[in-house]
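Inspection log for the structure reproduced underneath, given as structure tokens.
The values are calculated or read from the model by the stated rules, or taken from the named source; none is laboratory data. The model shown is predicted, which means the values in this text are computed figures rather than measured ones. Positions of Cβ are backbone-derived with ideal geometry, glycine not excepted, and every protein chain shown enters the neighbour counts. Note: areas computed on protein heavy atoms with side chains; ligands, DNA, RNA excluded. Shrake-Rupley method; radii C 1.70, N 1.55, O 1.52, S 1.80 Å.
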Amino acid sequence: MRVHVTDLKPGDLLKNDVYNSSGLHMLMKGSLLSEDDITKLLQHGIDYADVEHTTSDLHSDTQTLPSDQTRLLATLFDDTIKGTESLFKQAMEKGFIDEAQVDEILINLTSQLEKQKDVVSLLLMLDGDNDYTYNHSLQVGMLAFYIAGWMGYNPDECLTVAKAGYLHDIGKSKIAPEMLHKPGKLTPEEFEEMKKHTLYGYEIVKQSTQDELLATVALQHHEREDGSGYPHGLKGNDIHPYARITAVADVYSAMTTNRVYQTKQELISVLCELYSLSFGQLNAEATQELIKHMLPNFIGKRVLLTSGETGIIVMNNPADYFRPLVQTSSAFIDLAKERDIAIVEIYVQ
């Protein structure tokens, strides 16, 4: 159904991607429109949008308010992190994990992720005070699931990639807690021990699931395209495709999450760093799919700038995708031109 923008209502479901007159991507197919989305379309002079249905077509008992969806996801994430902690304790104490518990966690998680298009908001929701290792496992499983889908893998394959990503760090259960949580830089000897989590992970996953593929991802997620990774210094196609996807998800999550020895970095700037890494260390296709699908999610997000001002990202900049156009209360700031101003933080709406 083609609907004039002034007739759109919050809750309408987009049938197709929406682009402005310059060809810039505004909103993704499958998005549930919010008031801010409709305002953005008006601001960019877009007259019509194709929707699957309008809110008037829906029975009230089938509608889910954004606040309800947020609460549902927050509960799901909290339960998943608690389940992850339980799995790590199993691995630490017994040397294996309950695969049925893993599958239950992943099915519950991915069944909700399939309904969500705004990955940025999901990551911002996970930006909490939970133990880094458990939160990180959830984030990597989630991002691996999305990247696999964007790369064209079928649903069963996406679920397997999510499971592999979710379990990628299970070997850290065998690393001494004082080393895992050390606030300073690891000594060379400590780093060599830390690198063994890939070997420990392989053994735990293989013994628990009898699945060589899942175990291989735990083993290879620190391998790099140019051979600079570990534990075996593999290159390019010698690294399993699922491990290459997991590596991208792993690096992105690690760089955007607070850790005892590292302050998180802002989400867009990390995408820029990943782009650079895709020319040698990280798989180019997986990295570029992540970037391509993440960037539109930043439009409409509220941000804090280094100038102290807050504003809304209104457009991805064609001159520099990683420095968008931001509207503050007093002006439009083109970060591609105002190089001395940067985004400090992006907020959950």
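Here are some notes:
- The residues listed here are Val344, Val326; of these, the one that is within 23 Å of Val18 (Cα to Cα) and β-branched (Val, Ile, Thr) is Val326.
- Test result for Glu93, of a type in the set (Asp, Glu) and either over 30 Å from Arg71 (Cβ atoms) or at pLDDT 95 or above (or both): yes
- Answer from Lys182, Lys195 - the residue that is open to solvent by 40 Å² or more (accessible area, probe 1.4 Å), of a type in the set (D, E, K, R) and over 23 Å from Leu282 (Cβ atoms): Lys182
- For the stretch 222-233, the criterion of a residue being open to solvent by 40 Å² or more (accessible area, probe 1.4 Å), in a helix (DSSP H, G or I) and more than 19 Å from Ile105 (Cβ to Cβ) is satisfied by no position.
- Enumeration of residues in the stretch 289-309 that are open to solvent by less than 30 Å² (accessible area, probe 1.4 Å) and either assigned to a loop (DSSP other than H, G, I, E, B) or without any contact (Cβ under 8 Å) to a residue 12 or more places away in the chain (or both): Ile299, Gly300, Lys301
- Taking first residues from the stretch 13-35 that are of a type in the set (Phe, Trp, Tyr) and partners that are open to solvent by 20 Å² or more (accessible area, probe 1.4 Å), the Cβ contacts under 9 Å between residues at least 6 apart in sequence or on separate chains come to Tyr19/His25.
- Given (1) touching a Pro at 6+ places or on another chain (Cβ under 9 Å); (2) within 14 Å of Ala162 (Cβ to Cβ), index of the condition Val248 fails: (1)
- Matching entry among Val270, Val348, Val344, Val248 (being under 16 Å from the mean Cα position of the chain (by Cα) and surrounded by fewer than 15 Cβ atoms within 10 Å (Cβ to Cβ)): Val348
- Between Asp211, Asp226, Asp169, the distinction of being at pLDDT 95 or above, of a type outside the set (A, V, I, L, M, F, W, C) and in contact with a strand residue (DSSP E or B) (Cβ under 7 Å, 6 or more places away or on another chain) belongs to Asp226 only.
- Residues that are within 30 Å of Asp36 (Cα to Cα) and touching a His at 6+ places or on another chain (Cβ under 6 Å) are absent from the stretch 223-231 altogether.
- Scanning the stretch 64-90 for residues that are among the acidic types (Asp, Glu) and either outside any helix (DSSP H, G or I) or at pLDDT 90 or above (or both) yields Asp78, Asp79, Glu85.
- Being open to solvent by 40 Å² or more (accessible area, probe 1.4 Å), assigned to a helix (DSSP H, G or I) and of a type in the set (Phe, Trp, Tyr) is a property that Phe145 lacks.
- For the stretch 206-218, taking the residues that are without any contact (Cβ under 8 Å) to a residue 60 or more places away in the chain and assigned to a helix (DSSP H, G or I), the one that is surrounded by the fewest Cβ atoms within 10 Å (Cβ to Cβ) is identified as Glu212.
- Where a residue in the stretch 275-286 is assigned to a helix (DSSP H, G or I) and its partner, wherever it lies, is polar (S, T, N, Q), with Cβ under 8 Å and at least six apart: Tyr275/Thr287; Tyr275/Gln288; Leu277/Thr287; Ala284/Ser278
- The condition of being within 30 Å of Pro177 (Cβ to Cβ), in contact with a Gly (Cβ under 9 Å, 6 or more places away or on another chain) and modelled with pLDDT of 85 or more holds for Glu104.
- Candidates Asp78, Asp131, Asp118, Asp98, filtered to the one that is free of Cβ contacts under 8 Å to residues at least 40 places away in the same chain and open to solvent by 20 Å² or more (accessible area, probe 1.4 Å): Asp78
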